[in-house]
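Heads up, the thing below is written out as structure tokens.
The values are calculated or read from the model by the stated rules, or taken from the named source; none is laboratory data. Keep in mind it's a predicted model, so treat the numbers as computed, not measured. Glycine also receives a Cβ, built like all others from the backbone with ideal geometry; neighbour counts cover every protein chain displayed. These area figures cover heavy atoms from the full protein model, side chains too; ligands, DNA and RNA do not enter into them. Shrake-Rupley method; radii C 1.70, N 1.55, O 1.52, S 1.80 Å.
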Amino acid sequence: MTIRLAAAALLFSAATATAQQPPASMDKMDHSKMGQEKMHAMSPWKELDAYHMLMMATWHPAKDKGDMAPTRAKIGDMVASAKALAASTAPKGCDSPKLKATAAALPTETQGVADLVAKKAEDGALKDALKALHDSFDVLEAGCTMPKKDGAK
């Protein structure tokens, strides 16, 4: 009976250890970038951050792997988020005329990408349109970031 208990304890221990292992795909992730991406999305403008998260989820697969499936799947959310961003009030520090104009144009530009998705455009044309949209978005991202703390670079 003692041998059975020992064997059961050993099997339980092995099963528990295996269950606590991260999936193999997690091993391939670059964990050093995870914190950077969280900080990358920080701004004092919550609607900008919401759009940014969608942009990251679509642009990076498109740019890095030519994968347009996330764009095709999330474009409706991007249009809604662009409209919410344009309708929101920019916080102090993000309210320059250039940033206001860029935010106001974002729904139309995002809808342009959505129109390509609806027309089942080829991936190359869709990627080009998404890149142009990303370039416009970069104006907002660069112009509206969290103020750096003393001593931060």
Test result for Ala57, under 19 Å from Asp138 (Cα atoms) and either at pLDDT 95 or above or not aliphatic (A, V, I, L, M) (or both)
yes
Without any contact (Cβ under 8 Å) to a residue 40 or more places away in the chain and either β-branched (Val, Ile, Thr) or touching a helix residue (DSSP H, G or I) at 6+ places or on another chain (Cβ under 7 Å) (or both): is that true of Ala121 in this structure?
no
Test result for Ala104, assigned to a helix (DSSP H, G or I), more than 18 Å from His134 (Cβ to Cβ) and over 16 Å from the mean Cα position of the chain (by Cα):
no
Out of segment 70-81, which residues are over 14 Å from the mean Cα position of the chain (by Cα) and among the small types (Gly, Ala, Ser)?
Gly76, Ala80
Out of everything in segment 68-89 that is open to solvent by 20 Å² or more (accessible area, probe 1.4 Å) and of a type in the set (Gly, Ala, Ser), what residue ends up being farthest from Asp49 (Cα to Cα)?
Ala69
Failed criterion for Asp138 (all others in (1) open to solvent by 70 Å² or more (accessible area, probe 1.4 Å); (2) among the charged types (D, E, K, R); (3) assigned to a helix (DSSP H, G or I) hold):
(1)
I'd like to know if segment 92-100 contains one or more residues that are polar (S, T, N, Q), modelled with pLDDT under 95 and open to solvent by 70 Å² or more (accessible area, probe 1.4 Å).
no
Please verify whether Ala57 is free of Cβ contacts under 8 Å to residues at least 60 places away in the same chain and in a helix (DSSP H, G or I), treating the condition exactly as stated.
yes
Restricting the first residue to segment 93-111 and requiring it to be closer than 14 Å to Thr145 by Cβ and touching a residue at least 12 places away in the same chain (Cβ under 8 Å), which pairs with a second residue that is surrounded by fewer than 18 Cβ atoms within 10 Å (Cβ to Cβ) and among the hydrophobic types (A, V, I, L, M, F, W, C) meet a Cβ separation below 8 Å and a spacing of at least six or different chains?
Leu99/Val139
Name the residue, out of Gly112, Gly124, that is farther than 27 Å from Met42 by Cβ and open to solvent by 40 Å² or more (accessible area, probe 1.4 Å).
Gly124
